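Trainee: The structure under discussion is supplied below as structure tokens; questions concerning it will follow.
The values are calculated or read from the model by the stated rules, or taken from the named source; none is laboratory data. Note that the coordinates shown come from a computational prediction; the quantities given were computed from them, not determined experimentally. Note that each Cβ is placed from the backbone with ideal geometry, even for glycine, and that neighbours are counted across all protein chains shown.
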């Protein structure tokens, strides 16, 4: 039997999934079904493309740390998160699209 033809119950039995966890499976299966075209891992590996998110996560961490540690800056987690969120809104252009968020013009 092909893996694609296996029922949810058959997969659960094969994987020894506890019955109380079965309610979470449909949303996961929907996700995989909707994103199958993005999950061509063997094709990506053959093209020597990175498969993990480690490089992206490491890069984000390095950029965030560099921005938070400029000069004599010292941030607590709550403040750093607030500033990072504001910067993301500004850099995405969302800030500029909100009239009530724009800087008032001087007469």
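Trainee: Any idea which of 80, 94, 88, 66 is touching a helix residue (DSSP H, G or I) at 6+ places or on another chain (Cβ under 7 Å) and at pLDDT 75 or above? Before you say what the answer is, go through the steps one by one.
Mentor: Details: 94 fails: touching a helix residue (DSSP H, G or I) at 6+ places or on another chain (Cβ under 7 Å); 88 fails: touching a helix residue (DSSP H, G or I) at 6+ places or on another chain (Cβ under 7 Å); 66 fails: touching a helix residue (DSSP H, G or I) at 6+ places or on another chain (Cβ under 7 Å).
So the residue among 80, 94, 88, 66 that is touching a helix residue (DSSP H, G or I) at 6+ places or on another chain (Cβ under 7 Å) and at pLDDT 75 or above is 80.
Trainee: Which numbered condition trips up residue 107, out of (1) at pLDDT 70 or above; (2) part of a loop (DSSP other than H, G, I, E, B)?
Mentor: Result: residue 107 passes all but (1).
One line per residue, one yes/no per condition, for (1) surrounded by 10 or more Cβ atoms within 10 Å (Cβ to Cβ); (2) out of contact with any strand residue (DSSP E or B) (no Cβ under 6 Å at 6 or more places or on another chain); (3) touching a residue at least 60 places away in the same chain (Cβ under 8 Å); (4) outside any loop (DSSP other than H, G, I, E, B):
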| site | (1), (2), (3), (4) |
| --- | --- |
| 56 | yes, yes, no, yes |
| 59 | yes, yes, no, yes |
| 67 | yes, yes, no, yes |
| 72 | no, yes, no, no |
| 80 | yes, yes, no, yes |
| 83 | yes, yes, no, yes |
| 87 | yes, yes, no, yes |
| 91 | no, yes, no, yes |
| 94 | yes, yes, no, no |
